[in-house]
1. How many residues, within the range 55-65, are in contact with a Pro (Cβ under 9 Å, 6 or more places away or on another chain) and under 18 Å from Gly98 (Cα atoms)?
2. Name the single residue that is surrounded by the most Cβ atoms within 10 Å (Cβ to Cβ) among those in the range 1-27 being assigned to a loop (DSSP other than H, G, I, E, B) and more than 11 Å from the ligand (Cβ to nearest atom).
3. In the range 159-188, what count of residues is obtained for those that are at pLDDT 95 or above and farther than 18 Å from Ile5 by Cα?
4. Please list, ordered by residue number, the strands (runs of 3 or more DSSP E) wholly in the range 28-93 having 1 or more residues that are under 20 Å from Gly142 (Cβ atoms), modelled with pLDDT of 95 or more and of a type outside the set (Val, Ile, Thr).
5. For the range 104-127, what are the residues that are within 14 Å of the chain's Cα centre (by Cα) and buried (at least 18 other Cβ atoms within 10 Å of the Cβ)?
6. If I filter the range 158-175 down to residues being out of contact with any helix residue (DSSP H, G or I) (no Cβ under 7 Å at 6 or more places or on another chain) and closer than 19 Å to Ala18 by Cα, which single residue comes out as farthest from the ligand (Cβ to nearest atom)?
7. Could you say whether any residue in the range 60-75 is closer than 19 Å to Asp144 by Cβ and touching a residue at least 40 places away in the same chain (Cβ under 8 Å)?
8. Quick check: is even one residue across the range 51-58 exposed (fewer than 14 other Cβ atoms within 10 Å of the Cβ) and either farther than 24 Å from Leu118 by Cα or within 16 Å of the ligand (Cβ to nearest atom) (or both)?
Amino acid sequence: KHLAIFASGTGSNFQAIAEAVQSGKLKAELALLVCDQPKAAVISKAENLGVPTFVTRPKDYENKAGYEQAVLTEMEKHGVDFIALAGYMRLIGSTLLGAYGGRIINIHPSLLPAFPGLHAIEQAIAAGVKVTGVTIHYVDDGMDTGPIIAQESVAIQPGDTADRLAERIHSIEHVLYPSVLMQLLNEE
Ligand code: GRF
């Protein structure tokens, strides 16, 4: 399987998935990083690992369909057949869903359907819940709404800050995301 990762930021999940590929645990090729933020730290992580990158600004295209068509063309060049969103801060539109629907998954830092959208960790703290977590789900045309594949809970401690909670959430993500990808991609 040829896997593309879409990311907009730090890329710690990208790194965790790349390490699973390198170690041979995840039997897939990391075929492409798609990034919509030219200054994102994830880009140098991909370059260091020799993963091809497609870095482009959606603003440079006439509309979302134009942008997604450019991404699609690049993915076809690299033979991509599965997509993992890892901190990609943009809704997937009908062009990409039409081509890859059912083969795109996302990771979100809450127990969906609670706290979709931006700042899920801060939302959970503000709501006063005692348990939050991580969700991996298939992507549909909504915001963090597709069918759920896996979830893991994380307790919120009294006095937790968003930073401290985010650290614990990230360390769970870095194990859960590679392991879900192994389940989905290894057997074929
Ligand atoms: C993760 O917390 C993920 O759940 C969310 O965005 C964050 C990405 O972090 N969708 P990183 O760029 O992988 O470090």
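1. Qualifying residue count for the region: 1.
2. Filtering first and then ranking leaves Leu26.
3. Here the count works out to 12.
4. Once the strands (runs of 3 or more DSSP E) in the range 28-93 are filtered for at least 1 residues that are under 20 Å from Gly142 (Cβ atoms), modelled with pLDDT of 95 or more and of a type outside the set (Val, Ile, Thr), what remains is 82-85.
5. Hits for the range 104-127 are Ile104, Ile105, Asn106, Ile107, His108, Pro109, Ser110.
6. Only one residue fits best here, namely Val175.
7. No, the range 60-75 contains no residue that is closer than 19 Å to Asp144 by Cβ and touching a residue at least 40 places away in the same chain (Cβ under 8 Å).
8. no
The values are calculated or read from the model by the stated rules, or taken from the named source; none is laboratory data. These numbers were taken from a predicted model, which means no experiment stands behind them. All Cβ positions, glycine included, derive from the backbone under ideal geometry; neighbour counts span all protein chains shown.
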